[in-house]
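One structure is given below, encoded as C-alpha cells.
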C-alpha cells in the first residue's frame, strides 16, 4: 500500500513539475517577447523620431558641457554690463586675464549681450547748462582715457570690434600712448 501511495505521489509530483516547467517556459517566453517588443519600439522611436529641441538645448545625449553647445541656435542670452575705469589695476587684470579669454570663446555665439561703460568711480558736477567737470579716482589721465574709450564705443558700436580696442587702451598711462599704440594702428577707426 505504501508503495502504491509512493508511486502515485511520485506520478503526481512529476506531473506537477512538468506543468510548472511548461508554465515557466511559456511565462518566460511571454516575458521575453514583451520585453523585446518594448525595447524594439523604444529603439524605433529614438531612431525615427528625433527631438531637435533636446539636442539644441542640451547637446547630443545630454552632454551639456560640450564646447560646441555654445554654437547652437540662440536660446538664452546673458546681458553683461561692465562698469570700468581705464587706469584701475583690478579692471586691467580683469580685462586682460578674464574678459578677453571669455570673449574670444563666446563672442561669435550671439548669446552674450555686452555693454561696456568706461566711467568707474568718477564724480561729475554740472558747470552751467551743458557742461560738466569730472574728477576720476586715478587722476585726470583716467578721465581722458575713459572719454577715449567712450568715443571708440560710440564710433565702432559693435562689441566684437570694440572689446579688443578697449582691451588695448585699458591700463595705458596716458592719451598719447593709447592713441599711438591702439588707435593709430586700427584700420577700423581710421576710416573717414
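Values in this text are rule-based calculations from the coordinates and carry no lab data. Every value quoted in this text rests on a predicted model; they were computed, and no experiment measured them. FYI the Cβ positions are ideal-geometry reconstructions off the backbone, even for glycines, and counts take in every protein chain you see.
Would you list 161, 79 from fewest to most Cβ contacts within 10 Å?
Taking fewest neighbouring Cβ atoms as first place, the list is 79, 161.
Take 141-153, 165-177 and order them by the average number of nearby Cβ atoms within 10 Å per residue, most first; the result is 141-153, 165-177. What is the extension gain from residue 93 to residue 176, computed as 0.36 nm multiplied by their sequence separation minus the C-alpha to C-alpha distance, in nm to one decimal? So the chain would gain 27.7 nm between residue 93 and residue 176. Site pair residue 122 and residue 76 shows an inter-label distance of 3.5 nm when each label is modelled 7 Å from Cα along Cα→Cβ. Seen through its C-alpha gyration tensor, with square-root eigenvalues sorted a ≥ b ≥ c, the stretch 75-183 comes out prolate because a/c lies at 1.5 or above while a/b is bigger than b/c. Extension gain for the segment residue 83 to residue 32, taken as residue separation times 0.36 nm less the Cα-Cα distance, is 11.8 nm to one decimal.
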